[in-house]
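*Asks:* The structure's right below; bear with me while I get my questions together.
The values are calculated or read from the model by the stated rules, or taken from the named source; none is laboratory data. Treat the numbers as computed from the prediction; the structure is a model and nothing was measured. When we count neighbours, we look across all protein chains shown, and the Cβ atoms used for this are built from the backbone with ideal geometry, even at glycine. What goes into the accessible areas is simple: the full protein's heavy atoms, side chains included, and nothing from ligands, DNA or RNA. Shrake-Rupley method; radii C 1.70, N 1.55, O 1.52, S 1.80 Å.
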Amino acid sequence: MSHSSDFFGDDGARFRVSAVWSPSFNTDWFRPDAWGSAARPVDAGGRGGAWFVTAPGGELVLRFYQRGGLMAHLSRDAYVRTGVAQSRAFAEFELLQRMVERGLPVPAPVAAAFWPRAGVFYRAAILVERLESAQPLPSVLGTLAAEHWEAVGRTVRRFHDEGIDHADLNAFNILWVNGSVYVIDFDKGRQRARGITGARWQRGNLDRFHRSLLKLDWTDSPLGLDTAWEHVLAGYSEGAGHP
């Protein structure tokens, strides 16, 4: 079983760090400017606030939690405090650790940060290990054959069989990594009962993923959306018996 350590910073800041990284941890890891040229902004996807970082121990991704939609006009990065353990970063860190322990294809968590702000608010960020040669599905749409889409379906089913409810399962959060399928960005994800099939939340995950595929340009795809989706569902129906 994996373990983590908690660190305390100035003004009530809290940090949770995985056992692998805790011996060398420094709170400056959450300051992009402290990395200098070793940190560069992530260009694709998201709302900004993310960096690729080259650390002495490996390649990382630093992501600050930011709001979208109407709430972003009020505050882009402030959330209401309900406890450190329930903060966005600590909750995602713990869920990632649990999934890594179960052998699910996700990036390993490195560290989570919680900074209290004035009143009842806080800011948060997370560091995860970067998946080498990872490409989001939209970037490889023209190269994916039937068996690849079936692998996507089987992977989603693995998460569902483990009771993992992804709050934003979309094409950009599914990565193709050297022939394997990985899933990222479990902000607001939840651990539900394991071994359940056909639950409303599972159908909701699939519907959200399908809606995201509808927004892509399928011009160069060898299959087209409808056929690709049929293979996703075929792989999903097979269950998690194959990698």
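*Asks:* Using r as the Cβ-Cβ distance of residue 54 and residue 226, and R0 as 35 Å, what FRET efficiency do you calculate, to the nearest 0.05?
*Replies:* Details: r = 41 Å, r/R0 = 1.18.
E(calc), rounded to 0.05, equals 0.25.
*Asks:* Something else about it: Run the dipole for the chain about the Cα centre, Lys and Arg Cβ at +1, Asp and Glu Cβ at -1, nothing else charged, and hand back the magnitude in debye, nearest 20. Each step should come with its number before you reach the end.
*Replies:* On the way: 27 positive and 27 negative charges, 175 e Å.
For this selection, approximately 840 debye.
*Asks:* Which option, (i) 21.7, 89; (ii) 19.5, 58; (iii) 18.4, 55, is the value of Rg and Dmax of the Cα atoms in Å that was calculated from these coordinates?
*Replies:* (iii)
*Asks:* Here's something else I'd like to know. Under a crude label model (7 Å from the Cα following the beta-carbon direction), how far is residue 133 from residue 10 in nanometres?
*Replies:* Taking the two extended label points, one gets 4.4 nm.
*Asks:* Moving to a separate point now. Grab the beta carbon distance between residue 147 and residue 121, set R0 = 41 Å, and tell me the FRET efficiency rounded to 0.05. Kindly include the intermediate steps, with their values, before the conclusion.
*Replies:* On the way: r = 47 Å, r/R0 = 1.16.
Taking R0 as 41 Å, the efficiency between residue 147 and residue 121 is 0.30.
*Asks:* Further question: Could you derive backbone 3J(HN,Hα) for the stretch 210-221 from the dihedral phi with the Karplus parameters 6.51, -1.76 and 1.60 (θ = phi - 60°), listing whole Hz in sequence and x where the residue is Gly or Pro?
*Replies:* Values per residue, Gly and Pro as x: 4, 4, 5, 5, 4, 8, 8, 8, 9, 4, 8, 6 Hz.
*Asks:* Still on this structure: I want to check the label-to-label distance for residue 140 and residue 191. Put each point 7 Å from Cα in the C-beta direction and report it in nm to one decimal.
*Replies:* Rounded to a tenth, the inter-label distance reads 2.9 nm.
*Asks:* Using 0.36 nm times the number of residues separating residue 211 and residue 199, minus their current alpha carbon distance, what extension gain do you get?
*Replies:* Values: separation 12, 0.36 × 12 = 4.32 nm, distance 1.85 nm.
Here the answer is 2.5 nm.
*Asks:* Tell me, what % of the accessible area of the chain is carbon and sulfur with a 1.4 angstrom probe? Walk me through the numbers on the way to the answer.
*Replies:* Working: 6150 of 12310 Å².
Carbon with sulfur: 50 percent of the solvent-accessible area.
*Asks:* So, one more: Please give the per residue accessible area of the stretch 103-243, computed with a probe of 1.4 Å over protein heavy atoms only, in Å². Mind showing how you got there, number by number?
*Replies:* Numbers: 6580 Å² over 141 residues.
Per residue, the stretch 103-243 has an accessible area of 47 Å².
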